[in-house]
Structure formats: structure tokens, C-alpha cells
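Notes follow once the structure below has been shown.
The values are calculated or read from the model by the stated rules, or taken from the named source; none is laboratory data. Computed from a predicted structure; not experimentally measured. Virtual Cβ from ideal backbone geometry, glycine too; neighbours counted across all protein chains shown.
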Amino acid sequence: MSKADNMLSILWLLKTGKRMTAKQLAEILEINIRTVYRYIDSLCASGVPIISDAGHNGGYSLLQHFNEAPLFFDINEQKALIHAAAFAKRPVILRSRFTPGYFQLKRYTNEEQRDAIDRHSIGFEVIQPPVDPSLESTLQELELSVANGYTLSIEYQKAYQTTRQRRHIDPYGLVYWKGNWYIVAYCHLRSTIRSFRADRVHEIQRTEASFQRPPEFSARHFFLSNLLPEQISRATPF
């Protein structure tokens, strides 16, 4: 598991109200005891009130008022996560990130909560066409570039064309529409904002250049306004 997953797991375990030693936490999470110490220090530095008691019956516990507070999700929020996880099984940009969190949710809940999670997950299925696994690395690179402002050099192949064209783009946002991923980006070749089918993007590379996305820009609004301009103009702004 990642550092964030392990830290969240420690927090869930301490939320049970039991005093736990670093050795117990390390054994449950299958990590080194020194790693547990580092994660405890990081949690404390972030403001989590963890109490450390020395001695034979010592260990770590949470301050009472913090322990009594609900941790992150009530039942409706849990249901939303379960249903979102069902949708996230197909889009490769989400699948690998959502699945561990979903199992963490089930692992660190009590029996009553697990029963509710199981009841709301039974009978809820999402059927979509298979996704090309090779698209995963492209989507992950596009997402990172959107978040960090990387200008990309890509080769793009338009529909019904066999040749590819080299372009430099500033990715502003990703949009999932009718079974396909699109990247909304400023195209340096055309000097305008355009949308590109992610599965037609080839040989994606970062450049040394960077950009800042326009304030309040909405990739969703841009994408839909180009598809349905009249409906969007009459609708509430996104």
C-alpha cells in the first residue's frame, strides 16, 4: 500500500478505541516497525491527536474527543463510494486508485457497517465496452499534466486518417463522454482551445515548458458547449 493508505489504515485502527503498540500496527499492516513510527509522527504533525503511553501496557491511542468524531464517511457517503467504485472499474484512469480505497472502507468498518456496504453493493452493476489497457499510461500522463501544468508534445491521429501530426498542447482538463476520454487543451499549432480523443494521442512526451490554466476554466463546459451550444447557452453555467 502507499504511504497515504497506510496512514489512513493506522487512523482507522486507532479509531476502534483500542490502545495499540507500534509492533501490533506493523504486524497488521505488514510493514516495518520503524515505518510505523514515521507514519505516527506524520499524523501527529498533521494535527491528529495521537497519545503515546509508555510502559508495559503502553501504546498509541486517539484523544477521546477525536475518537468519538465520525471518520470521514456516514452511510450515505459510503453508498456513494460503493456505487462510484462500480463505475470506476472500467475507466482506467480511476480503476487502480479507487479499488484500494473501496477495500479499505470495507476492512476498517464494524460488522453492521460492512453488512450495509454488502447490501448496497449487491445487484449494482455497470456494463461498459472493454477499455484498451494501453490507454492507461496515456490517461495518467494527461492527468498529471493537467494537475501540474506540463506542456506536452504529442502525435495526434485524426479520425479516418492514417498519418499523425505533431502538436504541442497545454492540457486543461479530462472529460469522459459516451465511452471515450477527451483531453481539452490549448493547441499551440492552431492557437486555440480544442478537444482531442485520448485514444488518438500517440508518443506523448513532456516538454520543458509549463503553463497556467485560465482561472475558472471548465473543461466540461467547453466540451459540451461545442457539442450542444444552444442548450448550453440556455442552461445554468457549469
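Could you say whether any residue in the stretch 59-71 is in contact with a strand residue (DSSP E or B) (Cβ under 8 Å, 6 or more places away or on another chain), among the hydroxyl-bearing types (Ser, Thr, Tyr) and either at pLDDT 55 or above or assigned to a loop (DSSP other than H, G, I, E, B) (or both)? Outline the logic, then answer.
Here is the first cut: in the stretch 59-71, the residues in contact with a strand residue (DSSP E or B) (Cβ under 8 Å, 6 or more places away or on another chain) are 59-63, 67.
Filter once more, keeping what is among the hydroxyl-bearing types (Ser, Thr, Tyr): 60-61.
With either at pLDDT 55 or above or assigned to a loop (DSSP other than H, G, I, E, B) (or both) added as a condition, the list becomes 60-61.
Within the stretch 59-71, one or more residues are in contact with a strand residue (DSSP E or B) (Cβ under 8 Å, 6 or more places away or on another chain), among the hydroxyl-bearing types (Ser, Thr, Tyr) and either at pLDDT 55 or above or assigned to a loop (DSSP other than H, G, I, E, B) (or both).
Against the definition (buried (at least 16 other Cβ atoms within 10 Å of the Cβ), under 14 Å from Phe217 (Cβ atoms) and hydroxyl-bearing (Ser, Thr, Tyr)), how does Tyr182 come out, yes or no? So that I can check it myself, show each step before the final result.
Details: buried (at least 16 other Cβ atoms within 10 Å of the Cβ): yes; under 14 Å from Phe217 (Cβ atoms): no; hydroxyl-bearing (Ser, Thr, Tyr): yes.
Criteria not met by Tyr182.
Looking only at the stretch 27-38, filter to residues that are more than 14 Å from Ile51 (Cα to Cα) and in a helix (DSSP H, G or I); which one of those is nearest to the chain's Cα centre (by Cα)? If you could, list the steps in order and put the result at the bottom.
Step one: filter the stretch 27-38 for residues more than 14 Å from Ile51 (Cα to Cα), giving 27-36, 38.
From what's left, in a helix (DSSP H, G or I): 27-29, 33-36, 38.
Working: Glu27: 27, Ile28: 25, Leu29: 22, Ile33: 28, Arg34: 28, Thr35: 24, Val36: 24, Arg38: 24 Å.
Among residues in the stretch 27-38 that are more than 14 Å from Ile51 (Cα to Cα) and in a helix (DSSP H, G or I), the one nearest to the chain's Cα centre (by Cα) is Leu29.
Consider Ser52 carefully, then state whether it is in a strand (DSSP E or B) and of a type in the set (Ser, Thr, Tyr).
On the way: in a strand (DSSP E or B): yes; of a type in the set (Ser, Thr, Tyr): yes.
Spelling it out, Ser52 is indeed in a strand (DSSP E or B) and of a type in the set (Ser, Thr, Tyr).
For the stretch 12-26, how many residues are assigned to a helix (DSSP H, G or I) and surrounded by 13 or more Cβ atoms within 10 Å (Cβ to Cβ)?
Of the stretch 12-26, the ones assigned to a helix (DSSP H, G or I) are 12-14, 22-26.
Add one more test, that the residue is surrounded by 13 or more Cβ atoms within 10 Å (Cβ to Cβ), and what stays is 12-14, 22, 24-26.
Within the stretch 12-26, residues that are assigned to a helix (DSSP H, G or I) and surrounded by 13 or more Cβ atoms within 10 Å (Cβ to Cβ) number 7.
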